[in-house]
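Okay, structure first, notes after.
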Amino acid sequence: MSEIANPVSFPRSTGALSLVTPHELAARAGAMVQTLREREAAAVAARQISRETIADLQEAGFFKVLMVAEDGDGQPEPYNFLLPRSDYAVIDTWHTMGLCPTGSNDIVVDNAFVPAHRVIRERDMYNLACPGHVLNKSDLYRIPFAQLFNRTVSTTSVGTLRRALNVFVEATRQKRATYTGLRLAGDTTIQEAVADVMLTLNDLELRLSSDLAELETRAASGDWPIERRAQLGHHTTAMVSRCVEAIDKLMLFSGGKAIYTGNVIQRAFLDIHCARAHAANNPFPYARNVGGLAFGFDNGCTDL
């Protein structure tokens, strides 16, 4: 077990996330940044985050098996199962070009019985009719699950792009062209690329802030028109595609050093492209659904 680099400490979690304010969570996340960066190389090499990091995340207050079953009419329907560790095997399949530390290996569940109290139907989450809604009255539980989960899948790319931009600007500030000796920072094409990436980040961060505020307001009022849910769902699924376009520009102007393993721009490039491969980050079906609703067609998506 490797030594913990700059371990972080928080007040012991009570297990009730609702007792921690958003500002406290943001502060705790900020306090972990430097430690996570110091553990980054080891996590990439191990293809998973360390037990120490998992413990830190749990203590900070941050934190399902998904499969398709059949409903009563024989149609396939996604279900979520909570399984004890003894009921599944982890298969080491996570050999990827990016997102290496996530350790998203396959699992195998063989003939396991799952009692009803450890099952949640995707349909119930979509309809805001889960058994837990009876007990949990906070507005947080009145936000459709997909509106939160899909944002956890997409917003990491925004943070990755922000870091990549900061590193790119600092690395390019005094960098000179190999043959001319001119400062690359004076290249107007590179200046335009940086401006474009800044604009993308500003757009995405403002959209995220606006959407989160709207989710809070709608949760309090219970006002969830399907057309708006579809639009909000499309907002988050489209984020990573814009991040892909932006990181491609930074990679294009990062030069030969960016092809070496461990380069921050390269890692961001690979991670964002891999994030785009997630089903929840494919904007096209969500966009088609928004457009279809605008023309009077029925809603064709429950991941909203």
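Does any residue of the stretch 147-165 turn out to be in contact with a Lys or Arg (Cβ under 6 Å, 6 or more places away or on another chain) and at pLDDT 95 or above?
Among the residues of the stretch 147-165, not one is in contact with a Lys or Arg (Cβ under 6 Å, 6 or more places away or on another chain) and at pLDDT 95 or above, which makes the answer no.
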Task: Residue count, the stretch 252-265 (criterion: part of a helix (DSSP H, G or I) and either crowded, with 21+ Cβ neighbours inside 10 Å or among the β-branched types (Val, Ile, Thr) (or both)) - done: 3
TODO: Test Leu208 against the criterion of being surrounded by fewer than 19 Cβ atoms within 10 Å (Cβ to Cβ) and not polar (S, T, N, Q), and give yes or no.
DONE: yes
TODO: Would you point out the residue of the stretch 232-248, among those that are within 27 Å of Arg39 (Cα to Cα) and surrounded by fewer than 21 Cβ atoms within 10 Å (Cβ to Cβ), that is farthest from the chain's Cα centre (by Cα)?
DONE: Asp248
Open item on the list: Any residue in the stretch 285-304 that is closer than 18 Å to Glu122 by Cα sitting within a Cβ distance under 6 Å of a residue that is modelled with pLDDT under 95 and not hydroxyl-bearing (Ser, Thr, Tyr)? List the pairs, counting only those 6 or more apart or interchain.
Closed with: Asp303/Ala146; Leu304/Ala146
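Filter the stretch 127-166 down to the residues that are among the charged types (D, E, K, R) and assigned to a helix (DSSP H, G or I), then identify the one that is surrounded by the most Cβ atoms within 10 Å (Cβ to Cβ).
Arg151
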Task: Candidate set: the stretch 250-300, residues that are touching a Gly at 6+ places or on another chain (Cβ under 7 Å) and within 17 Å of Arg228 (Cβ to Cβ); chosen: the one modelled with the lowest pLDDT - done: Gly300
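Does Asp203 fit the bill of being closer than 23 Å to Asp271 by Cβ, at pLDDT 95 or above and more than 22 Å from the chain's Cα centre (by Cα)?
no
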Open item on the list: Between Arg37, Arg51, Arg85, which is exposed (fewer than 15 other Cβ atoms within 10 Å of the Cβ), at pLDDT 80 or above and charged (D, E, K, R)?
Closed with: Arg85
Open item on the list: Only one of Ala268, Ala287, Ala280, Ala246 is under 18 Å from Met97 (Cα atoms) and either in contact with a Lys or Arg (Cβ under 8 Å, 6 or more places away or on another chain) or assigned to a helix (DSSP H, G or I) (or both). Can you tell me which?
Closed with: Ala268
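Looking at the stretch 192-200, can you tell me whether even one residue there is modelled with pLDDT of 95 or more, within 22 Å of Phe149 (Cβ to Cβ) and either part of a helix (DSSP H, G or I) or not assigned by TED's automatic domain parsing to the domain that holds Val290 (or both)?
Scanning the stretch 192-200 turns up no residue that is modelled with pLDDT of 95 or more, within 22 Å of Phe149 (Cβ to Cβ) and either part of a helix (DSSP H, G or I) or not assigned by TED's automatic domain parsing to the domain that holds Val290 (or both).
The values are calculated or read from the model by the stated rules, or taken from the named source; none is laboratory data. Not measured: the values here are computed from a predicted model. Glycine also receives a Cβ, built like all others from the backbone with ideal geometry; neighbour counts cover every protein chain displayed.
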